[in-house]
Amino acid sequence: DSLRAAVLQAAIKGELTERSSENARDLLLRIQNEKQALQAKGSLKKTKAPVPVTADEVPFEIPENWVWVRLGDLAQVLNGDRGKNYPGKEFWISEGKPFINAGSLNNGILDKSGFNYISDDRYSLLRSGFIQKNDFLYCLRGSLGKFSLNKDFDEGVIGSSLCIIRTHQSSLIPFFFYYLQTDLAQEDIKKVSNGTAQPNLSAENVRNFLIPLPPLSEQQAIVEKLNRLLAEIDALENA
C-alpha cells in the first residue's frame with residue numbers, strides 16, 4: 001500500500017514522466033470557454049466559479065507547464081435529492097430503478113450487486129442525483145473519499161451519502177481516476193472532515209479540492225505509466 005501511494009504521489013508531482021511542449025493553462029482556458037458556451041445555451045447550470053488557488057495553499061512544487069486548480073474548475077459536483085421525496089428504506093424494492101449508496105462503490109468500479117431499487121413512480125419524483133455513464137460517484141459520509149467510476153449504467157440515482165463528480169471533458173476521466181486515489185486527495189478530506197464519529201464532507205468541500213493539472217498529453221503519459229506500475233505492484237502483492 002505504501003509503495004502504491006508513493007507511486008501515485010510521484011505521478012501527480014510530475015516525477016514519473018517527461019515534459020511536453022503543451023501548457024495546462026491552455027487546457028484550462030478551453031475547458032472554461034466550453035463551460036461558458038454550454039451555460040449560455042442553457043445546457044449547463046451556471047455556478048459560482050471556485051476561488052483561485054493561492055500560493056500559501058500549494059502543498060508542493062509542480063512542473064512549470066502545469067497549473068494548480070480546484071476540482072470545481074474541471075468538473076461539476078452534484079448532490080442527490082434530499083427533499084421530501086427522498087426514498088428511505090421503506091421505498092426500496094427488489095427490482096426497479098437503481099438507488100445507489102456507498103455499498104455499491106467497489107474498488108473504483110460501480111458494483112451492481114450492492115444496488116437497492118425504487119419504483120419508477122418514486123424515481124420520477126426526484127429532482128437531482130441522476131447518474132450518467134462516466135460519472136464518478138464519491139462518498140461524502142462514512143468512508144470519505146471512497147469512489148467508483150460508472151462505466152456501465154445509463155440510469156440510477158444516488159443516495160444522500162454520495163455526490164456525483166462529472167468532468168467537463170471526458171478526456172480528464174483517466175487522470176481523475178488516479179488523482180482521487182492519491183494522498184493529496186486524502187489530505188484535502190482531512191482538512192475539512194468534521195472529526196466526529198460519523199465524519200462528513202459537502203459537495204462544496206469537494207469542489208474546493210486542489211488538483212495539479214498537467215497538459216492532456218502528459219495526463220495520458222501519466223496514466224499509461226501508472227497502469228503499468230500499479231499492475232506490477234498488484235502482481236507482487238499477489239505473488
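Quick look at the numbers
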| item | result |
| --- | --- |
| Accessible surface of segment 91-191 [probe 1.4 Å, protein heavy atoms]: carbon and sulfur percent | 44 |
| Residue-level accessible surface for Ser161, protein heavy atoms, 1.4 Å, Å² | 20 |
| With every protein chain in place, segment 23-66: carbon and sulfur % of accessible area (1.4 Å) | 52 |
| On Cα atoms only, tilt of 183-192 relative to the major axis of the chain in degrees | 60 |
| Surface/4 estimate of mean projected area, convex hull on alpha-carbon atoms of segment 111-225, nm² | 8.5 |
| Per-residue HN-Hα couplings for segment 107-118 [Karplus 6.51, -1.76, 1.60; θ = phi - 60°; Hz; x = Gly/Pro] | 6, x, 10, 6, 9, 4, 5, x, 5, 9, 9, 10 |
| Rg ratio (alpha-carbon, reference 2.2 N^0.38 Å) - segment 14-111 | 1.56 |
| The chain: calculated mean residue ellipticity at 222 nm from DSSP helix runs of at least 4, using -39500 (n - 2.57) | -10500 deg cm²/dmol |
| Solvent-accessible area per residue for the chain (1.4 angstrom probe, square angstrom) | 52 |
| Kirkwood hydrodynamic radius of segment 194-234, Cα pairs, Å | 13.3 |
| Share of Cα-Cα pairs in the chain lying beyond 32 Å, as whole percent | 23 |
| Distance between segment 42-76 and segment 156-207 - C-alpha centres, whole angstrom | 14 |
| Long-range amide H partners of Ile118 with built H, under 5 Å | Ile93, Lys97, Phe99 |
| Segment 86-157 - percent relative contact order, Cα under 8 Å, separation 6 or more | 36 |
| Charge dipole (the chain, unit charges on Cβ, about Cα centre) - positive-most of Leu162, Asn238, Leu8 | Leu162 |
| Sequence-distant residues sharing a close amide H with Ala75 (under 5 Å, placed H) | His168 |
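The values are calculated or read from the model by the stated rules, or taken from the named source; none is laboratory data. Note that the structure is a prediction, hence the values are computed from the model and not measured. Note that we place each Cβ from the backbone using ideal geometry, even for glycine, and neighbour counts take in every protein chain shown. SASA here: full protein model, heavy atoms, side chains in, ligands and nucleic acids out. Shrake-Rupley method; radii C 1.70, N 1.55, O 1.52, S 1.80 Å.
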